[in-house]
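Attaching a single structure in C-alpha cells format; questions to follow.
The values are calculated or read from the model by the stated rules, or taken from the named source; none is laboratory data. Please read all numbers here as calculations on a predicted model, not as lab measurements. Every residue, glycine among them, receives a Cβ derived from its backbone with ideal geometry; neighbour counts consider all protein chains shown.
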Amino acid sequence: MDLQQNKKTDSRFSILTLLILSLIIAPGINIVNAQDNSSSKQSITISNDSTTSGNFVSSNGTLSLSNNLIPLHKENVVYYNDISGYLVYPEIASTQGGNESASKLPGVIMIHEWWGLNDHIKNMADELSKEGYAVLAVDLYNGNVATSPDEAMSLVSGARENQNESNSNMLAAVDYLKSLDNVDSSKIVSIGWCFGGGQALQLALNADATSPMAATVLYYGNLVTDQQELSKINGPVLGIFGSEDQSIPVSEVREFEEALNANNITNDIYIYEGVGHAFANPTGESFAPNELKDAWQKTVEFLNSHIKTN
C-alpha cells in the first residue's frame, strides 16, 4: 500500500512539475543548453516557431519596438572631421531639474550595416533612445549609402582596409558623446549589426584602456577569437547570431564564446535556430520578425541590467 501511494505521489509531482515548466517557458520559445548566470556560461540556442503578436513593422519598413512614447531630440552632428552622425536622445532628460547626475543618460555608439547610415539605422537609434539612452549613429562611409550589394561590398571593403581610420572615427564619436552635458561619460556602449557588429567589437578592442567601453553588443558581426586580443575587453558582451549564417558560422561563435569565458569576460551569447545573416533587418530577404523581437528584448534587458543599474 505504501509503495502504491508513493507511486501516485510521484506521478502527481511529475505532472505538476511539467505544468509549472510549461507556464514559465513562453509558447513557441524553446531554450536549450541554458546555464547559470555566470561569465563562463555556455551559449543559449533559441528556437522560435510562434507567430508574432502585434504588428511592429510599418508599411515603409520602420520598426516600433519600444513601448515608451516619449519625445526625442534628433539632429545631425559633426563629430569627426567633416563627418556627420545621427544623434538622438530623450528630451525629458534635458529638462530634468534637481539631481544633475541622475539626469545623465548612458551613451551608445551605434554602427551601421554594410549599407551605411540609412533610415533603418536611424530608426533603430530612435527605438533604443526611447529606452533611455543617448545614441550617436556614426557614419563610416563618409556620407555614402549603398543601394546595391555590389556598392555595399565596395564601401565595406574600403572601411575594413582602412581600419585605423574607422577606429579613429568611432573613438571620436565616443569623445563627442562624453562631451555632452546630459551623457554619463562612464557609461558608453557600442552596438552594431553585420559590418557594424564587427566594428562594435573593434571599438571595444581599441578603446582607451583607462576608459573602456561599458558594454558591447554585436549582431552577427565579424568576430575575433584570439584569447589574448579579446582580453582587452573590460565590459560585458552580448552576441546575437543565427544558426544558418554562412558568413559567421556557429563554430566560430563557439570559439569567440570560449575565448571570452577564458578571459572571465561576462557574456550572453544567443544563437537563433533556422535563421541566417541579417535576420534583424526588416528590409532584407532574411528578416525573421519573431527572432528580431526576442533579440531586441534581450538587448534592452542586457543594457538595462549592466548599464543602467550599475
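Can you work out which of the residues in the range 186-238 that are touching a Leu at 6+ places or on another chain (Cβ under 8 Å) and of a type in the set (S, T, N, Q) is nearest to residue 310 (Cα to Cα)?
216
Also: Here are the criteria: (1) touching a strand residue (DSSP E or B) at 6+ places or on another chain (Cβ under 8 Å); (2) among the acidic types (Asp, Glu); (3) within 24 Å of residue 75 (Cα to Cα). Tell me which single one residue 181 does not satisfy.
Residue 181 satisfies all of (1) touching a strand residue (DSSP E or B) at 6+ places or on another chain (Cβ under 8 Å); (2) among the acidic types (Asp, Glu); (3) within 24 Å of residue 75 (Cα to Cα) except (1).
Within the range 154-168, identify whether any single residue is within 20 Å of the chain's Cα centre (by Cα) and of a type in the set (Gly, Ala, Ser), and answer yes or no.
Yes, the range 154-168 has at least one match.
Just need a number here: residues in the range 271-287 that are crowded, with 21+ Cβ neighbours inside 10 Å and at negative phi.
Adding up the residues that qualify gives 6.
With 139, 150 as the choices, which residue is surrounded by fewer than 24 Cβ atoms within 10 Å (Cβ to Cβ) and under 24 Å from residue 72 (Cα atoms)?
One residue alone meets the criteria, 139.
Determine whether the range 131-153 contains at least one residue that is polar (S, T, N, Q), under 18 Å from residue 284 (Cβ atoms) and part of a helix (DSSP H, G or I).
No, the range 131-153 contains no residue that is polar (S, T, N, Q), under 18 Å from residue 284 (Cβ atoms) and part of a helix (DSSP H, G or I).
Report, by residue number, each residue of the range 247-289 that is more than 16 Å from the chain's Cα centre (by Cα), within 23 Å of residue 128 (Cα to Cα) and not in a loop (DSSP other than H, G, I, E, B).
none
This table checks each residue for (1) surrounded by fewer than 21 Cβ atoms within 10 Å (Cβ to Cβ); (2) in contact with a helix residue (DSSP H, G or I) (Cβ under 6 Å, 6 or more places away or on another chain).
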residue	(1), (2)
77	yes, no
88	no, yes
103	yes, yes
107	no, yes
113	no, yes
132	yes, no
154	yes, no
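Out of everything in the range 209-238 that is exposed (fewer than 15 other Cβ atoms within 10 Å of the Cβ) and more than 28 Å from residue 157 (Cβ to Cβ), what residue ends up being nearest to the chain's Cα centre (by Cα)?
Once the filter is applied, the top-ranked residue is 211.
Going through 118, 164, 142 one at a time, which residue ends up being at positive phi and at pLDDT 95 or above?
142
On the basis of being closer than 11 Å to residue 239 by Cα, of a type in the set (A, V, I, L, M), in contact with a strand residue (DSSP E or B) (Cβ under 9 Å, 6 or more places away or on another chain) and not in a strand (DSSP E or B), does residue 295 make the cut?
Spelling it out, residue 295 is indeed closer than 11 Å to residue 239 by Cα, of a type in the set (A, V, I, L, M), in contact with a strand residue (DSSP E or B) (Cβ under 9 Å, 6 or more places away or on another chain) and not in a strand (DSSP E or B).
Kindly provide the set of residues from the range 163-204 that are of a type in the set (Val, Ile, Thr) and either part of a helix (DSSP H, G or I) or without any contact (Cβ under 8 Å) to a residue 40 or more places away in the chain (or both), ordered by number.
Hit for the range 163-204 is 174, nothing else.
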